[in-house]
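The values are calculated or read from the model by the stated rules, or taken from the named source; none is laboratory data. The structure presented is a predicted model; accordingly, all values stated were derived computationally and were not measured. Neighbour counts run over all protein chains shown; Cβ positions are idealised from the backbone, glycine included. Only protein heavy atoms, including side chains, enter the accessible area calculation; ligands, DNA and RNA are left aside. Shrake-Rupley method; radii C 1.70, N 1.55, O 1.52, S 1.80 Å.
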Amino acid sequence: MSKNSILKGVVLVGLGATSYGMLATFVKLAYQEHYTTAEVTSSQFIFGILGVLIINMFQKAKSKQAIVKATPRNSIQLMLAGSSLGMTSVFYYLCVKYIDVSIAIVLLMQTVWMGVLLEWFLEKRAPSLQKIIAVIIVLLGTILATNLLNNTTPIDWRGILWGLLAASSFTTTMFTANRVARGISSAQRSLYMLLGGAIIVFAFALYTQTTPFNFSIFLKWGIFLALFGTIIPPMLLNAGFPITGIGLGSIVSALELPVSVMMAFIILNEKVIAIQWFGIILILAAIVIMNINIPFLKKRQ
């Protein structure tokens with residue numbers, strides 16, 4: 001594969017990760033305008049489904065070959081996988097409601113060690129020394145990035161709980177999405193996963209929305225949330241990962257972390273001190289360590 005092709009893949013994955021990184025700041029801004037979590041998530045998923053549906057229709061009209069359609073079994077599998085995607089959105093946005101975006105994104109990045117544990121549990125194989133070292137670095141980086149040792153004001157426990165639940169559900173999404181219905185187009189996969197996630201989101205909205213639904217969220221923030229959360233990132237990541245490969249793609253996609261913190265620092269004026277930046281660097285370093293070839297660390301324990 002040529003260097004230009006790899007560079008193209010890196011750019012696609014990088015832009016997709018950057019889009020995800022902007023998302024939490026938009027949610028926080030919507031909260032400042034007194035929109036509820038139910039309104040935020042509902043508007044995102046409704047516009048997201050409409051957008052991906054249009055993309056599917058466009059691909060079908062443009063394609064000269066017959067597109068492989070999802071079977072009923074594929075549809076059910078993807079919707080079940082998408083239910084964890086809906087949970088991730090709900091949990092993460094609830095997390096952002098109680099704590100700073102710069103801390104929330106660090107909690108979401110706990111998918112690194114959660115993924116290692118889930119892989120160990122499902123595949124019955126102990127992680128390599130390389131992964132164990134990466135997990136230790138992530139945990140150390142998390143302590144520093146959240147300023148846990150020097151923070152005189154305790155972090156709201158509700159934010160920590162929702163953030164860890166978001167990381168857990170996102171870990172589930174990553175595992176299931178890469179293992180079901182891989183023979184159909186990414187646009188179809190995205191559509192059915194969004195439909196599955198929408199069931200969770202709408203159920204949450206019906207249960208928690210105690211005031212009249214503010215439909216102005218659709219015009220103010222819904223389109224931004226859908227574009228940067230459910231339309232642009234999946235398209236770019238699905239296009240870029242086959243070119244970069246999982247290892248390089250995972251490293252580049254970690255851009256979501258610094259972008260999210262930088263957005264919170266610049267737009268939301270959240271305080272991010274030097275030790276927190278160092279913790280973020282450690283987490284990024286752990287992701288690199290986990291995805292590069294270090295032969296003497298590959299041996300399993």
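Whole-Hz ³J(HN,Hα) for each residue in the stretch 41-58, computed from phi via Karplus 6.51 cos²θ - 1.76 cosθ + 1.60 with θ = phi - 60°, x for glycine and proline: what do you get?
The phi angles translate into 5, 5, 5, 4, 6, 5, 5, x, 5, 4, x, 5, 4, 5, 4, 4, 5, 5 Hz.
Taking a probe of 1.4 angstrom, what is the accessible area of MET87 in Å², to the nearest 10?
Spelled out: MET87, probe radius 1.4 Å, area about 70 Å².
If packing is taken as the average number of other Cβ atoms within 10 Å across a peptide's residues, how do 196-202, 46-52 rank, most packed first?
Put in order of decreasing packing, that is 196-202, 46-52.
How much accessible area does ASP156 have with a 1.4 Å probe, in Å² rounded to the nearest 10?
In the full protein context, ASP156 sits at about 40 Å².
Only one of the listed values, (i) 1.06; (ii) 0.99; (iii) 0.96, was derived from the coordinates as Rg/Rh (Cα atoms, Kirkwood Rh); which label is it?
(iii)
Suppose each label sits 7 Å from its Cα in the direction of the beta carbon; what would the VAL68-ILE133 distance come out to in nanometres?
3.9
What nm distance separates the two modelled labels at LEU149 and GLU119, each placed 7 Å from Cα along Cα→Cβ?
2.8
If I compute solvent accessible area with a 1.4 Å probe over the protein chains, what percent of it on the chain is carbon and sulfur?
With neighbouring chains kept in place, the figure for the chain is 70 percent.
Give the calculated FRET efficiency between ILE275 and TYR207 to the nearest 0.05, with a Förster radius of 45 Å applied to their Cβ-Cβ distance.
It comes out at approximately 0.70.
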